[in-house]
Amino acid sequence: QVQLVESGGGLVQPGGSLRLSCAASGSIYSISAMGWYRQAPGKQRELVTFITSSGSTEYAGSVKGRFTISRDNANNTVWLQMNSLQPDDTAVYYCTANYYGVIYWGKGTLVTVSS
């Protein structure tokens, strides 16, 4: 079992930045990839980015060049640095962890981009 707790969401103006954090606990030693999904109002949940245990990353085209995922394996934490935020980035952001092929989810943190 893996527990994930996100933090760092909030209200930010267009063009601003936010940094999300996700702390993992439980059976963490066999976590492979960790990532972030988001779900905007009225839309399906979508993959934003993920990072493997070796540090390889992938990003959705809509956030490439603006968002950066990083991971601290020693402290079981993953971060999402979000820059140049736009109203379309408004969503609930969920942290995920792949544990032996099972995807665990956090409860999500709301990011609102509005002037």
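Scanning the range 1-27 for residues that are under 14 Å from T109 (Cβ atoms) and of a type in the set (A, V, I, L, M, F, W, C) turns up L4, V5, L11, V12, L18, L20, C22, A23.
Quick one: in the range 39-91, which of the residues that are hydroxyl-bearing (S, T, Y) and part of a strand (DSSP E or B) is farthest from T109 (Cα to Cα)?
Step one: of the range 39-91, the residues hydroxyl-bearing (S, T, Y) are 49, 52-54, 56-57, 59, 62, 68, 70, 77, 84, 90.
Filter once more, keeping what is part of a strand (DSSP E or B): 49, 57, 59, 68, 70, 77.
Details: T49: 16, T57: 21, Y59: 19, T68: 17, S70: 18, T77: 15 Å.
Top of the filtered list is T57.
Taken as a whole, the structure places F50 among residues that are within 11 Å of the chain's Cα centre (by Cα), within 18 Å of Y100 (Cα to Cα) and either without any contact (Cβ under 8 Å) to a residue 40 or more places away in the chain or open to solvent by 60 Å² or more (accessible area, probe 1.4 Å) (or both). For the range 92-115, the candidate set comprises residues that are of a type in the set (S, T, Y) and part of a strand (DSSP E or B); within that set, the residue that is nearest to L18 (Cα to Cα) is T112.
Assess whether D88 counts as being among the acidic types (D, E), open to solvent by less than 60 Å² (accessible area, probe 1.4 Å) and out of contact with any Leu (no Cβ under 9 Å at 6 or more places or on another chain).
Numbers: among the acidic types (D, E): yes; open to solvent by less than 60 Å² (accessible area, probe 1.4 Å): no; out of contact with any Leu (no Cβ under 9 Å at 6 or more places or on another chain): yes.
Criteria not met by D88.
T112: open to solvent by 40 Å² or more (accessible area, probe 1.4 Å) and either out of contact with any Pro (no Cβ under 6 Å at 6 or more places or on another chain) or in contact (Cβ under 8 Å) with a residue 60 or more places away in the chain (or both), yes or no?
Yes, satisfied.
Applying the set (1) at pLDDT below 95; (2) of a type in the set (S, T, N, Q); (3) within 16 Å of G106 (Cα to Cα) to S30 leaves exactly one unmet item: (3).
State all residues of the range 91-103 that are under 21 Å from A24 (Cα atoms) and either modelled with pLDDT of 95 or more or open to solvent by less than 10 Å² (accessible area, probe 1.4 Å) (or both); if no residue qualifies, say none. Break it down into steps so the answer makes sense when it comes.
Step one: list which residues in the range 91-103 are under 21 Å from A24 (Cα atoms), which gives 92-103.
Matches in the range 91-103: V92, Y93, Y94, C95, T96, A97.
Is it the case that the range 80-102 has a residue that's at negative phi, polar (S, T, N, Q) and free of Cβ contacts under 8 Å to residues at least 40 places away in the same chain? No, the range 80-102 contains no residue that is at negative phi, polar (S, T, N, Q) and free of Cβ contacts under 8 Å to residues at least 40 places away in the same chain. Residues in the range 1-40 that are open to solvent by 70 Å² or more (accessible area, probe 1.4 Å) and within 17 Å of the chain's Cα centre (by Cα): Q3, V5, L11, R19. The residue that is nearest to A23 (Cα to Cα), counting only those in the range 69-78 that are surrounded by fewer than 17 Cβ atoms within 10 Å (Cβ to Cβ) and of a type outside the set (A, V, I, L, M), is T77.
The values are calculated or read from the model by the stated rules, or taken from the named source; none is laboratory data. Just so we're clear, the structure is a prediction, and the values are computed from it rather than from any experiment. All Cβ positions, glycine included, derive from the backbone under ideal geometry; neighbour counts span all protein chains shown. Calculation scope for accessible area: heavy atoms of the full protein, side chains included, ligands and nucleic acids excluded. Shrake-Rupley method; radii C 1.70, N 1.55, O 1.52, S 1.80 Å.
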